[in-house]
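Asks: Structure below; questions to follow.
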Amino acid sequence: MNYLHRIQDVYGTREARAIYMLVMEKVFGLSPTDVLLGKDKELSAHSNAEMENIVLRLENMEPIQYIIGECEFMGHSFKVGKGVLIPRPETEELVKLIIQENPTPMDILDIGTGSGCIAISLALEGHRVTAYDISDQALDMASANSKRLGAEVCFERENILHPSSTHRVWGAIASNPPYIRQSEAAMMEDNVLRHEPHIALFVPDDNPLLFYEAVATYSIGHLQPHGKLYFECNREHAYDVAEMLVQMGFRNVVTLRDAFGNLRFVKAVAKDKAGVSSSSL
Ligand code: GLN
C-alpha cells in the first residue's frame, strides 16, 4: 500500500492529503506541483526509508508538528518537539489581542512560555519580554526559537507555584497555563494525550484554577498600577477565573470568546496601587 493510502487509513482523505503534502514539502523539498507531477514516486531508497519511518510515526498518532519539527504561529515558524506543547490557533488570538491593546512597547511577562510562542511573538512586535517556565526542555526550545526568529526575550526558570522573590514589575502579564482537568483526558484525541507533555496540559480535578490563582496572586505584586493581565483558559472555567479575579480586586474583568465561539480568554486590569481599589465597585 502506498504511503498516502496508509495515512488516509488513519486520518481520513482530507487531513491525510494535507499531512502528506506538508511532509513532502518540509522533509523532501517537493512542492505541491512536484507531487502533481509524480516526483514523490521517485524518492531515493534513503528517502523511502525515511518516509517509512514518518508513516510509522503518523500511524502511532504522533502529531505532524513533532515529526517535521516545526509549527506555524503568528506567521513565524517555531521549532517544536517532544516535551513542548504545540502552539494552538486560539493562542494566536490571545497574542493578537495583546498586540492590539498595547500598541506601544512595554515590559511584558509570559508565565508558562512552552515553545515561547507568546513571548517571542510579542517581542517581535517591539515589547520587552520576560518569560518563565518550569521545564528546562521548554526553556531550551524557547531560547532556540527566540534566536532563530531574531527576538530578544529573557527566559527564566521559575515555578509559578513557588516563585522566587523579585521587585520587578511589568506592564502586562500573559499566561496560557495548564487547564485541562484530569477527568477530561478520556475525551481527548490520542495525538494530544499520548504525545504532548502532560505537565503543560493537566490540572487536578479538585483544583482546576491552581495556576490562575498563582499567576493572579503573583500579578498583584508584580503588575504596574493599571497593568493588564491576560489569560487563556478552559472554556468551562472562564467565568470561574473571572469571578476569582473580581474577588481578588482586579478591575475591568472581561471574558472573551475564541474563533470557535468558546469562552477562552479572560483579561483584567490591576488596581491603582497594591491593596487600594480606585473605585468602590
Ligand atoms: N488548548 C490546549 C488543548 O486544547 C491546552 C493548552 C493548555 O492546557 N494550556 O489541548
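The values are calculated or read from the model by the stated rules, or taken from the named source; none is laboratory data. Every value quoted in this text rests on a predicted model; they were computed, and no experiment measured them. For neighbour counting, all protein chains shown are included, and Cβ atoms are generated from backbone atoms with ideal geometry for every residue, glycine included. Side chains are part of the model used for accessible areas, which takes the heavy atoms of the whole protein and leaves out ligands, DNA and RNA. Shrake-Rupley method; radii C 1.70, N 1.55, O 1.52, S 1.80 Å.
Asks: Within the stretch 135-182, track down each residue that is touching a residue at least 60 places away in the same chain (Cβ under 8 Å), surrounded by 17 or more Cβ atoms within 10 Å (Cβ to Cβ) and assigned to a helix (DSSP H, G or I).
Replies: A138, M141, N145, L149
Asks: Can you pull out every residue in the stretch 88-132 that is closer than 21 Å to G221 by Cα, among the charged types (D, E, K, R) and in contact with an Asp or Glu (Cβ under 6 Å, 6 or more places away or on another chain)?
Replies: Answer for the stretch 88-132, where residues must be closer than 21 Å to G221 by Cα, among the charged types (D, E, K, R) and in contact with an Asp or Glu (Cβ under 6 Å, 6 or more places away or on another chain): just R128.
Asks: Continuing with the same structure: Can P178 be described as at pLDDT 95 or above, within 24 Å of Q65 (Cβ to Cβ) and touching a helix residue (DSSP H, G or I) at 6+ places or on another chain (Cβ under 6 Å)?
Replies: Yes; evaluated as a whole, the condition is true for this residue.
Asks: Right, another one. Name every residue in the stretch 160-183 that is closer than 11 Å to F211 by Cβ and away from the ligand (no atom under 11 Å from the Cβ), in order of residue number. I'd like the intermediate steps shown before the answer.
Replies: Let us first name the residues in the stretch 160-183 that are closer than 11 Å to F211 by Cβ, namely 160-161, 175-179.
Those that are closer than 11 Å to F211 by Cβ and away from the ligand (no atom under 11 Å from the Cβ): I160, L161.
Asks: Next up: With respect to the numbered conditions (1) touching a residue at least 12 places away in the same chain (Cβ under 8 Å); (2) out of contact with any Lys or Arg (no Cβ under 7 Å at 6 or more places or on another chain), which one is the sole condition not fulfilled by Y230?
Replies: It fails just one condition, (2).
Asks: Quickly run through the stretch 220-230 and pick out the residues that are among the hydrophobic types (A, V, I, L, M, F, W, C) and open to solvent by less than 50 Å² (accessible area, probe 1.4 Å). Spell out the reasoning first.
Replies: As a first pass, look at the stretch 220-230 and keep what is among the hydrophobic types (A, V, I, L, M, F, W, C): 220, 223, 229.
Within the stretch 220-230, L223, L229 meet the criteria.
Asks: Right, something else. From the list K267, K271, which one is open to solvent by 20 Å² or more (accessible area, probe 1.4 Å) and within 22 Å of P103 (Cβ to Cβ)? Walk me through it before giving the result.
Replies: Numbers: K271 fails: within 22 Å of P103 (Cβ to Cβ).
Only one candidate passes the filter, namely K267.
Asks: Suppose we filter the stretch 184-219 for residues that are closer than 30 Å to F250 by Cα, open to solvent by less than 70 Å² (accessible area, probe 1.4 Å), free of Cβ contacts under 8 Å to residues at least 60 places away in the same chain and more than 10 Å from the ligand (Cβ to nearest atom); how many remain?
Replies: Total satisfying the criteria: 9.
Asks: Return yes when S115 is in contact (Cβ under 8 Å) with a residue 12 or more places away in the chain, open to solvent by 10 Å² or more (accessible area, probe 1.4 Å), in contact with a helix residue (DSSP H, G or I) (Cβ under 9 Å, 6 or more places away or on another chain) and closer than 18 Å to H198 by Cα and no when it is not.
Replies: no
Asks: Could you tell me which numbered condition M106 fails, if it satisfies all but one of (1) over 28 Å from F260 (Cα atoms); (2) open to solvent by 50 Å² or more (accessible area, probe 1.4 Å); (3) not hydroxyl-bearing (S, T, Y)?
Replies: Every condition holds for M106 apart from (2).
Asks: Just one of L109, L30, L58 is free of Cβ contacts under 8 Å to residues at least 40 places away in the same chain and more than 16 Å from the ligand (Cβ to nearest atom); which is it?
Replies: Only one candidate passes the filter, namely L30.
Asks: Okay, next question. Could you list, in sequence order, the residues of the stretch 85-117 that are in contact with a strand residue (DSSP E or B) (Cβ under 9 Å, 6 or more places away or on another chain) and among the β-branched types (V, I, T)?
Replies: I86, T91, V95, I98, I108, I111, T113
Asks: While we're on this one: Mind listing just one residue for me: the one in the stretch 118-148 that is hydrophobic (A, V, I, L, M, F, W, C) and in contact with a helix residue (DSSP H, G or I) (Cβ under 6 Å, 6 or more places away or on another chain) and, of those, nearest to A214 (Cα to Cα)?
Replies: The extreme case among them is A131.
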